[in-house]
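To keep things clear, I will list the structure first and then write my remarks on it.
The values are calculated or read from the model by the stated rules, or taken from the named source; none is laboratory data. Note that the coordinates shown come from a computational prediction; the quantities given were computed from them, not determined experimentally. Virtual Cβ from ideal backbone geometry, glycine too; neighbours counted across all protein chains shown.
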């Protein structure tokens, strides 16, 4: 996954951030809203699609289902964390360049 | 509670946004959708105005190899009820107090939905063509056995001309409008994303 020019969508970025702690579907929606101070509302359809895509990419994994709950929990993988770090570096570059040119 | 109201209405698959708007307006006026029959008969139940918000969904079952049931379970987990199904179309609702389904002006969701409606239109079209091909095949088969039949040829020609007419007048413009909408959204997302 060395596509450094492949920016993450805002939804994927926040989903990955949220999954640094294990969460189930609805928990992810609440956490991403919380992280973005209520600005980002991820639709259930988008989240559902994103979760399966991220699993296919190996950026997140499903945790073993707890016996008393049918809810599936997800968590970020090492590969996912690496993608997040690359994205953070890309975002920092964007901000640095913006500041350099606009605030001189 | 309990008072029902039945309304005739019709929306094409390219008009899902208009349909959503109408259902939400009904809900704001205290009429909550509880069932849809044959795509045109909408059943509402009187309730608290503004209690629910509605949304249409067209989950692609083949997408990511997930089955429809898993998706519906996921929706339930997110506090979203599946009110009813019409073919692959889902009529969803949730409590308005729990917040909106998605962001205001969420272009990506809109594009995805338009794309799904477009794929649905193509699937329907190919199913129709396949049915017609099978019909012609059996027609030829029957004629090989019993010899030429004016009546049978007339029926097949009639259905064929009817199908072509319907496709040209209704289906092709419908698919065209979906495609144009999709292109417009792609251009917009290209700038804003």
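Condition check ((1) surrounded by 14 or more Cβ atoms within 10 Å (Cβ to Cβ); (2) touching a strand residue (DSSP E or B) at 6+ places or on another chain (Cβ under 7 Å); (3) modelled with pLDDT of 85 or more; (4) more than 25 Å from residue A:51 (Cα to Cα)) across all residues:
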residue	(1), (2), (3), (4)
B:54	yes, yes, yes, no
B:57	yes, yes, yes, no
B:78	yes, no, yes, no
B:83	yes, yes, yes, no
B:92	yes, yes, yes, no
B:104	no, no, no, no
B:116	yes, no, yes, no
B:120	yes, no, yes, no
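For region B:1-33, a residue qualifies if it is assigned to a strand (DSSP E or B), crowded, with 16+ Cβ neighbours inside 10 Å and free of Cβ contacts under 8 Å to residues at least 60 places away in the same chain, and exactly one does: B:31. When region A:25-52 is filtered for residues that are outside any loop (DSSP other than H, G, I, E, B) and more than 7 Å from every other protein chain (Cβ to nearest Cβ), the ones remaining, listed by number, are A:27, A:28, A:30, A:31, A:32, A:33, A:34, A:35, A:47, A:50, A:51. Any residue at all in region B:111-134 that's within 14 Å of another protein chain (Cβ to nearest Cβ), more than 19 Å from the chain's Cα centre (by Cα) and in contact (Cβ under 8 Å) with a residue 12 or more places away in the chain? Among the residues of region B:111-134, not one is within 14 Å of another protein chain (Cβ to nearest Cβ), more than 19 Å from the chain's Cα centre (by Cα) and in contact (Cβ under 8 Å) with a residue 12 or more places away in the chain, which makes the answer no. Of the conditions (1) at pLDDT 90 or above; (2) within 12 Å of the chain's Cα centre (by Cα); (3) surrounded by 14 or more Cβ atoms within 10 Å (Cβ to Cβ), residue B:40 fails just one. Which one is it? The number of the failed condition is (3). Here residue A:90 meets each of (1) in a helix (DSSP H, G or I); (2) under 15 Å from residue A:18 (Cβ atoms) with one exception, condition (2).
Would you confirm, using the coordinates I've provided, whether residue B:161 is in contact (Cβ under 8 Å) with a residue 24 or more places away in the chain and either surrounded by 10 or more Cβ atoms within 10 Å (Cβ to Cβ) or under 20 Å from the mean Cα position of the chain (by Cα) (or both)? When the stated conditions are applied, residue B:161 does not pass them. On the basis of being in contact (Cβ under 8 Å) with a residue 60 or more places away in the chain and either more than 17 Å from the chain's Cα centre (by Cα) or surrounded by 15 or more Cβ atoms within 10 Å (Cβ to Cβ) (or both), does residue A:101 make the cut? Spelling it out, it is not the case that residue A:101 is in contact (Cβ under 8 Å) with a residue 60 or more places away in the chain and either more than 17 Å from the chain's Cα centre (by Cα) or surrounded by 15 or more Cβ atoms within 10 Å (Cβ to Cβ) (or both). Residue A:38 satisfies every condition listed in (1) closer than 24 Å to residue B:55 by Cα; (2) surrounded by 11 or more Cβ atoms within 10 Å (Cβ to Cβ); (3) free of Cβ contacts under 8 Å to residues at least 24 places away in the same chain except (2). Considering (1) surrounded by fewer than 16 Cβ atoms within 10 Å (Cβ to Cβ); (2) within 12 Å of chain B (Cβ to nearest Cβ); (3) free of Cβ contacts under 8 Å to residues at least 12 places away in the same chain, the lone condition that residue A:71 does not fulfil carries the number (3).
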